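Notes follow once the structure below has been shown.
The values are calculated or read from the model by the stated rules, or taken from the named source; none is laboratory data. Note that the structure is predicted; figures quoted are calculated from it, not measured. Here Cβ is always computed from backbone atoms with ideal geometry, including for glycine, and neighbour counts include all displayed protein chains.
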Amino acid sequence: MKVIAMIPARYAATRFPFKLMQPLGSKTVIRHTYDNTVATDLFDDVFVVTDHKIIFDEITANGGKAIMSIREHESGSDRIAEAIADMDVDIVLNVQGDEPFVNAHMLQKLLDVFKDDDDKKIKVASPVKKILNHAHAANLNIVKVVVDKHMNSLLFSRSIIPYYRDENIIPSYYEHVGVYAFRKEALLLFSVWEMTPLEKAEKIECLRYQENGIQLRMVETEDAGVKIDMPEDLIKAEAYLKTIMQ
């Protein structure tokens, strides 16, 4: 089974423009993501796929591998689908460019889902972590997911889900971590489907799978680090980086 990692890297992010090129310690955010993905030693190859020469040059000038997108894309998955269309691969792992603290343990758990799936029923897998406080769950920049008894996704939303009407019952909240593992054929299907109504409304790309009848197998992890969504997240990331370098 050939497995590669692809890191979609859009230069002009909506909420935090140019965030991937922001300095984080001695490297940019995107270089941390690339180097940490390579360092897991789980993949036959790792690429950054980007829409901008600045990011392309940042990776290649430092010994990495990068691919320039040919077309404009609405989502990172669409960007990756274009890049891998003619590659001989089985599993594609999408590491978001703004997730600089990916690590081998979390990615290995995702890949294990496919190793144990002899019937190839699982098409997409993605990690979640438990949300431990209500304020965090209420943050609209954080994507939440509810799951069934088998950890298959039921719905993703930026809103608080589930809503607890009975205050005596405290539900489990899960935060979706922006890392995906796809079977190649599932990713290519995603790229030819039109954007779906919930995907457009929520700006959550995995809803396109959900609305086309494909559940994601969610894998619980505690190894999520810090995602860079907003400028204040960069401050948190600097503090987190110091703790793991001690």
Next item on the list: Can you tell me which residue among 37, 60 is free of Cβ contacts under 8 Å to residues at least 60 places away in the same chain, polar (S, T, N, Q) and on the phi < 0 side of the Ramachandran plot?
Entry: 60
Note to self: List pairs: first residue in the stretch 105-123 and surrounded by 20 or more Cβ atoms within 10 Å (Cβ to Cβ) and at pLDDT 90 or above, second residue among the hydrophobic types (A, V, I, L, M, F, W, C) and not in a helix (DSSP H, G or I) anywhere in the structure, Cβ distance under 6 angstrom, at least six positions apart or on different chains.
What the structure shows: 107/42; 110/125; 110/181; 110/219; 114/91; 123/214
Next item on the list: Could you tell me which numbered condition residue 117 fails, if it satisfies all but one of (1) charged (D, E, K, R); (2) in contact with a Ser or Thr (Cβ under 7 Å, 6 or more places away or on another chain); (3) more than 25 Å from residue 228 (Cβ to Cβ)?
Entry: (2)
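Results for (1) surrounded by 18 or more Cβ atoms within 10 Å (Cβ to Cβ); (2) over 18 Å from the mean Cα position of the chain (by Cα); (3) aromatic (Phe, Trp, Tyr); (4) within 16 Å of residue 93 (Cβ to Cβ), shown as yes or no for each residue.
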| site | (1), (2), (3), (4) |
| --- | --- |
| 8 | yes, no, no, yes |
| 15 | no, no, no, no |
| 37 | yes, no, no, yes |
| 41 | no, yes, no, yes |
| 51 | yes, no, no, no |
Checklist line | Selection within the stretch 206-246 - among the aromatic types (Phe, Trp, Tyr) and either more than 21 Å from residue 131 (Cβ to Cβ) or in contact with a helix residue (DSSP H, G or I) (Cβ under 6 Å, 6 or more places away or on another chain) (or both) | finding: 209
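What is the residue count in the stretch 149-205 for residues that are under 20 Å from residue 76 (Cα atoms), in a loop (DSSP other than H, G, I, E, B) and in contact with a helix residue (DSSP H, G or I) (Cβ under 9 Å, 6 or more places away or on another chain)? First the steps, then the outcome.
From the stretch 149-205, those under 20 Å from residue 76 (Cα atoms) are 153, 155-158, 175-205; that's our starting set.
Next, from what is left, pick out any that are in a loop (DSSP other than H, G, I, E, B): 158, 177-178, 193-196, 203-205.
Pick out the ones that are also in contact with a helix residue (DSSP H, G or I) (Cβ under 9 Å, 6 or more places away or on another chain) and you get 158, 177-178, 193-196, 204-205.
Qualifying residue count, the stretch 149-205: 9.
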